[in-house]
Structures are given as structure tokens and as C-alpha cells.
Amino acid sequence: MERNVLVDRLKGYACFLVLCGHVIMGIRLGGIHIPEFFGGMEKFIWSFHVSLFLFLSGVVYKVTGEWKNKKTKCGFLLYKLYNLAIPYIVFSAIYVLINSLVGESNTGFEPSDILNIWKSPVAQYWFLYALFFLFCIWTTFSGILKNWQITIIAVLIGYLAPIFDIPLGSLDVVFYSALAFGIGTCIDFKSLTKLSTWAKCLVVILHIVTGIIFVLLNKIEAPFIKEIMILFGIYSSIMFISILQNSKIIARFLDFINKYSFQIYLLHTIFTAGIRIILLRLNINQWWIHVLLGTACGLVFSVLSAKIAKKVKCLNFFFFPSKVLLLKQRKNSSNKMK
């Protein structure tokens with residue numbers, strides 16, 4: 001199956017937004033004075049960036065044949081469990097351990113909190129947690145219900161459970177994520193970009209203006225407005241990147257980010273927090289230095305770690321378990337043939 005380049009570049013864009021959002025949030029929580037503009041920018045980014053990731057996961061799930069590409073539902077879910085649970089457990093544990101050592105400068109944890117990550121996701125790793133359970137829901141009801149029906153039911157559960165005081169526990173992130181993922185499984189992605197360049201620009205401008213208005217009114221996270229901004233943000237992002245990818249420099253940058261998007265996603269907070277702690281201990285409090293170095297370190301050191309792991313199979317296993325084992329099996333088969 002031919003890869004959709006726009007989907008890949010949107011993943012790169014979403015990954016970069018996640019990095020920028022966490023840099024801004026870290027600076028704010030670190031007590032560093034930062035222009036008010038960045039506070040609004042952070043809220044605007046949060047309103048759609050992870051939802052864009054979820055939407056793209058839904059799109060890929062659909063276009064790759066859903067669970068059928070592994071022949072059985074059980075086989076598909078075991079594959080997803082293997083490839084999502086190992087990075088989730090390993091990097092959640094690393095995050096908790098590091099923060100238990102520098103809790104006074106960052107987010108406080110105890111080493112014993114590792115025992116609770118099965119029910120209490122930490123940091124950005126909730127995305128992997130939610131994604132696995134989304135795959136479980138869609139795969140379980142596939143063949144019984146259509147994707148749009150599963151989406152409606154999952155979203156309604158997320159809304160109605162609090163109203164009827166039904167505790168969802170850590171599964172609340174799953175049902176919170178259902179709208180974006182579900183839309184991705186239902187929609188014809190290729191049809192979304194069939195607009196003129198001027199129309200695409202208008203969509204992007206309207207999204208930004210709407211976001212500014214809701215941020216100023218402090219309503220961007222209000223019920224229903226939040227969902228509108230999720231869907232608007234996803235659509236606007238598609239329009240935005242479909243325009244920007246016409247620039248070779250931007251297209252190459254997004255391709256580069258996408259190539260290492262999973263590693264950047266898993267590692268960036270460790271490096272952004274690390275450089276922030278170092279700068280604070282050196283009494284460097286200028287916000288612009290923190291923004292530039294935080295973004296640069298989160299990107300550069302994550303990519304360097306990915307390159308090192310790629311050469312050390314036992315390390316790369318923690319990022320891509322099945323890929324490493326598959327390469328090992330192919331190598332063994334090749335050696336036997338010789």
C-alpha cells in the first residue's frame with residue numbers, strides 16, 4: 001500500500017507542536033516569567049495537537065485494513081499490546097525515576113509510582129495507554145457496528161458517565177480520545193484537501209481567530225467548544241500542512257521530524273526538563289533562552305538517542321519491539337540459507 005505523504009508530514013507537524021507545547025508548559029510551571037502571548041499559545045496548541053495525533057492514528061488504522069492486516073482480532077490486539085505496552089512501561093518508568101530524583105525542580109514522583117502506571121498514565125505516555133484501548137474498542141466491535149457507530153457510542157459514554165456519576169478511572173482518557181480517533185476511522189482523508197489554496201488559507205485564519213477569541217474569553221476548554229476546537233484544529237492542520245508542504249525546505253523538515261516522531265514523542269520531556277533544570281540552577285531565567293534551548297535540546301537529543309538506539313538493537317527494542325525481532329528473524333533465516 002502506498003504511503004500518504006501528507007499523513008506523514010502531519011505526524012511530523014503534530015510531533016513538533018507537542019514538543020513546543022511541553023517546552024512552554026515547562027517554563028510556565030518552572031516559575032519563569034514568560035510573555036502572556038505564550039500562555040494563550042499554549043492553550044491554543046493543547047486544544048488540538050494531541051487530537052491530531054489521534055485522528056491520524058485512526059486514519060492509518062482504517063487505510064491499513066484495520067485488524068484484518070493481522071488476520072485475526074486477537075492477533076492484531078496482541079501485536080498492538082506488544083508494540084505499545086513495552087515503550088509505555090519502559091519510558092513511563094524512566095520518567096518516574098528521573099522525576100523522583102529531581103522532584104523539587106520538576107514534577108514530583110516516588111519510585112513506587114512505577115507500580116501504578118498500569119492504571120495511572122504519566123506525562124505524555126497517556127497517549128499510548130489510550131491508543132491501545134481505542135484499538136481494543138474498535139477491533140472488538142468491528143463487524144458488529146460500523147466505525148461511525150462505534151465513535152458515537154464511545155463519545156456518548158465519555159459524556160454521560162460523569163453525568164450519571166459512573167467512574168471511568170484512568171479509562172477517561174480513552175473516551176476523551178474517542179472523538180478524534182473515531183473521526184479518523186470514518187472519514188475519507190484524501191477528500192479533505194480538495195480545496196483551493198485561498199480556501200485553505202481562509203480555514204487556517206478562521207481557526208486562529210476562533211482560537212484567539214476563545215482563549216481571551218477563557219472558554220477554549222468549555223464543553224462542546226472544546227470538541228469544536230478539536231475538529232476545527234484537525235481540519236485546519238490538514239489545510240495548513242497541505243499548503244506548507246509545497247515548500248521543499250518545510251517538507252524536508254516535516255519528513256525529518258516524522259522519521260523520528262515516535263522517539264521524539266517518548267523522549268523529549270526528559271531532555272526539555274533536563275535543560276530547564278540546568279539553566280535554572282545556573283540562574284538563567286530569560287524565557288527566550290529557555291524556549292530556544294528547550295526546543296533545540298528536545299529535538300536534537302531525542303534524534304541522537306534514536307540514532308544510537310538504531311545501532312544498538314537491544315536499545316531499539318524498547319522503541320520498536322516487533323520491528324527489531326522481525327529484523328533478527330530475517331537475519332537468522334538469511335544465515336541459515338547460507
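At-a-glance table
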| item | result |
| --- | --- |
| Kirkwood Rh, angstrom, the chain [1 / mean 1/r, Cα pairs] | 21.4 Å |
| Label-point separation, SER112 to LEU231 (7 Å along Cα→Cβ), nm | 4.6 nm |
| Coil-residue trypsin sites (Lys or Arg not before Pro) of the range 184-248, DSSP, other Cβ within 10 Å capped at 10 | LYS194 |
| Cβ-Cβ FRET estimate between LEU315 and LEU81, R0 fixed at 22 Å, reported to 0.05 | 0.55 |
| Residue order, fewest to most surrounding Cβ atoms within 10 angstrom, among ARG3, ARG252, ARG276, ARG28 | ARG3, ARG252, ARG28, ARG276 |
| Expected 222 nm ellipticity per residue - DSSP helices of 4 or more, -39500 (n - 2.57), all of the chain, to 500 | -24500 deg cm²/dmol |
| Integer Hz, Karplus 6.51/-1.76/1.60 couplings in order for the range 163-177, x for Gly and Pro | 4, 9, 6, 9, x, 9, x, 5, 6, 4, 5, 5, 6, 5, 8 |
| Equivalent ellipsoid semi-axes - Cα gyration tensor, the range 1-90, angstrom | 34, 17, 9 |
| Pairwise FRET efficiency - ILE308 versus PHE256, Cβ, R0 = 22 Å, nearest 0.05 | 0.80 |
| Fewest-first ranking of PHE48, PHE164, PHE141, using other Cβ atoms within 10 Å as the exposure measure | PHE164, PHE141, PHE48 |
| Selection of GluC sites (Glu not before Pro), the range 1-110, meeting DSSP coil and at most 16 other Cβ within 10 Å | GLU2, GLU104 |
| Rg followed by Dmax, in Å, when the range 4-154 is reduced to its Cα trace | 18.0, 54 |
| Solution diffusion estimate, µm²/s, Stokes-Einstein, the range 183-240, Kirkwood Rh from C-alpha pairs, 10 °C, viscosity 1.306 mPa s | 130 µm²/s |
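None of the figures in this text is laboratory data; all of them are computed from the coordinates on show. These numbers come from a predicted model, not from an experiment. Cβ: placed from backbone, ideal geometry, glycine included. Neighbour counts: every protein chain shown.
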